[in-house]
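Comments concern the structure below.
We did not get these values from a lab; they are worked out from the coordinates using the rules stated. It should be emphasised that the depicted structure is a prediction, and the values quoted were computed from it without experimental measurement. Neighbour counts run over all protein chains shown; Cβ positions are idealised from the backbone, glycine included.
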Amino acid sequence: MPELPEVENTKRYLIEAGVDGAKIRSATVTWANSVKFPSVEDFVLDVQDKTIDGIARRGKYLIFQLDSGDLLVLHLGMTGGLVVQPIGEENTGLVRHTFDFYDGRQLRFIDPRKFGHLWLVERFTQIDSKMGPEPLDPKFTSDVLIEIVRNRKVPVKALLLDQSAIAGLGNLYADESLFLAGIHPACLSADLDAVQVERLHDSMVATLKHSIDIYDNDRAALGSDRSFGLPNWTMVRNLGAPCVNCSVPMEMIRVRNRSSYYCPNCQK
């Protein structure tokens, strides 16, 4: 699933492609269930002839500020992505929705599994009013993370996936952050001491920044064929494969029904 770095990369790709400032001539929705608000008919009509005045990210959401004051919000779902191509060019994937621009280009929402979502709202809080802090915000310090984990007796892996606690992390980046911090995914968050929380904070920030840097370096080579590539992982996400640090076989458990890879020697 696209997580914070993938969505951030998609945002930067769209800005570099000149989508910021483009005027929407028309929109086509081929899978009605993707539109969560308003109705599909109103969605298509209300984005018509609107100019995109800015592109932002909040957690795993992409936010297009329209000149009408409304927000066009996209969630890429499990396998979604966005590409900008000439209107007449052949599709490069399973395109579910398109936004035609007056300049002859088209924003294409590729969504093979149909898990992507779209909204047209006045305020982002209409979609999510309880989203936690952004982990790359300078205000997100280890002290802030201590306050988040202090009274939560849940597995730390589950806490990292809780978007109301911390925005943008998903299964892959949570595993990577815990591996680098040397923390077992099933450890109760309230049992972490200050040193462990500081390590976790630093690992989260370093992991996210590293992946974004990789995308920044690769985006020019990828061009419009893909809106994101694949980052390099420190940990090995293969059951039984040797840990890169100690060579002990990697293990996997399920935490709140999510697969969690870890090293039983390095993460205790």
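For the reader, a short list of remarks on this structure follows.
- Assuming charge only on the beta carbon of Lys and Arg (+1) and of Asp and Glu (-1), the dipole of the chain about its Cα centre is about 840 debye to the nearest 20.
- Degrees, to the nearest 10: 4-16 long Cα axis against longest axis of the chain: 30 degrees
- The trypsin sites (Lys or Arg not before Pro) of the stretch 97-157 that DSSP puts in a loop, and whose beta carbon has at most 11 other beta carbons within 10 Å, are Arg113, Arg123, Lys130, Lys139, Lys153.
- On the principal axes of its alpha carbon atoms, the stretch 63-208 extends 57, 32, 24 Å, with the longest extent given first.
- Selected from Ile127, Phe64, Tyr262, residue furthest toward positive end of dipole (the chain; charges at beta carbon): Tyr262
- Estimated 222 nm signal from helices in the chain, with DSSP H stretches of n ≥ 4 weighted -39500 (n - 2.57), rounded to 500: -9000 deg cm²/dmol
- Intensity falloff of the chain expressed as log10 I(q)/I(0), Debye formula with alpha-carbon point scatterers, at q = 0.13, 0.14 Å⁻¹: -0.88, -0.98
- Between Gln163, Gln65, Gln126, the Gaussian network model of the chain with springs among Cα atoms under 10 angstrom shows the greatest mean-square fluctuation at Gln126.
- Each of Pro86, Leu4, Gly104 was placed along the dipole of the stretch 4-126 (beta-carbon charges, centred on the mean Cα), and the one lying farthest toward the positive end is Leu4.
- Separation of the stretch 140-211 from the stretch 59-91 is 29 Å, based on Cα centroids.
- Projecting the Cα atoms of Trp233, Gly170, Ile212 onto the dipole axis of the stretch 142-262, where Lys and Arg carry +1 and Asp and Glu carry -1 at the beta carbon, places Gly170 farthest toward the positive end.
- Once you reduce the stretch 1-35 and the stretch 102-130 to the center of their Cα atoms, the two points are 7 Å from each other.
- Computed from the Kirkwood radius of its Cα pairs, the Stokes-Einstein diffusion coefficient for the stretch 142-262 at 4 °C and 1.567 mPa s stands at 85 µm²/s.
- What you get for the stretch 56-181, charging only the Cβ of Lys and Arg (+1) and of Asp and Glu (-1), is a dipole of about 520 debye around the Cα centre.
- Classified by the C-alpha gyration tensor, the stretch 141-189 has a rounded form. Its axis ratio a/c, with a ≥ b ≥ c, is below 1.5.
- Cα pair distances of the stretch 4-126 binned at 5 Å [whole percent]: 2, 12, 23, 27, 25, 10, 1, 0
- Taking the C-alpha atoms only, the angle from helix 194-222 to the longest principal axis of the chain is near 40 degrees.
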